[in-house]
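The values are calculated or read from the model by the stated rules, or taken from the named source; none is laboratory data. In this text, all values refer to a predicted model and were calculated from it rather than measured experimentally. Don't worry about glycine lacking a Cβ; one is built from the backbone with ideal geometry, like all the others, and counts go over all protein chains shown. To get the accessible areas, we keep the full protein, side chains included, count just its heavy atoms, and leave off ligands, DNA and RNA. Shrake-Rupley method; radii C 1.70, N 1.55, O 1.52, S 1.80 Å.
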Amino acid sequence: QVQLVESGGGLVQPGGSLRLSCAASGRTFSIYTMGWYRQAPGKQRELVARITKVDSTNYADSVKGRFTISRDNAKNTVYLQMNSLKPEDTALYYCNADDLTMEYWGKGTLVTVSS
């Protein structure tokens with residue numbers, strides 16, 4: 001089993017920045033991909049960004065050029081640097097990990113972009 005704990009959410013003004021962190025514990029040696037998903041009120045959960053163990057990344061079109069995902073394998077932690085935030089980025093952000101056989105989810109951290 002893998003446990004994921006997110007941190008770093010909060011209230012930020014449009015144009016501002018936040019950095020989310022997700023720390024993994026448990027069978028971390030088995031993790032291949034880690035990523036961030038988000039779910040806004042009344043909408044489906046969607047992929048934001050993900051990164052593999054060999055640092056291959058992909059991003060949702062809506063965040064390309066504004067968000068950067070990174071990973072510290074030694075610390076079993078994945079980060080999401082979010083710049084130029086927009087009100088439409090407001091959502092509950094979930095950390096995700098998979099070991100190619102199972103998926104794991106954190107409980108989420110709330111990001112609110114508002115003036």
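Backbone phi angles across region 102-109, fed through the Karplus curve with coefficients 6.51, -1.76 and 1.60 (θ = phi - 60°), yield HN-Hα couplings of 9, 10, 10, 10, x, 8, x, 9 Hz in residue order; Gly and Pro are listed as x. Accessible surface for region 39-104, divided over its residues, is 55 Å² per residue with a 1.4 Å probe.
A simple spin-label model places the labels of N73 and Q39 3.1 nm from each other, with each point 7 Å out along Cα-to-Cβ. For the chain, modelled as a GNM whose springs connect Cα atoms under 10 angstrom apart, the maximal fluctuation among A49, A91, A40 occurs at A40. Cross-link partners of K43 among lysines, defined as those whose alpha carbon lies under 21 angstrom from its own and excluding same-chain residues fewer than eight positions apart: K64, K86, K107. Along the axis of the charge dipole computed for the chain (Cβ charges of +1 for Lys and Arg, -1 for Asp and Glu, origin at the Cα centre), the listed residues A49, S30, L100 are led at the positive end by A49. In the chain, Cα pairs under 8 Å separated by at least six residues give a relative contact order of 37 percent.
Taking the Cα centre of region 16-76 as origin and assigning +1 to Lys and Arg Cβ atoms and -1 to Asp and Glu Cβ atoms, the resulting dipole is close to 100 debye. Could you work out which residue, out of T101, T57, T90, moves most in a Gaussian network model of the chain, that is, has the largest mean-square fluctuation with Cα springs under 10 Å? The residue that fluctuates most here is T101. Only Lys, Arg, Asp and Glu carry charge here, each on its Cβ (+1 for the first two, -1 for the last two); on that basis the chain has a dipole of about 120 debye about its Cα centre. In region 12-69, the portion of solvent-accessible area held by carbon and sulfur atoms comes to 47 percent [1.4 Å probe, whole percent, DNA, RNA and ligands not counted].
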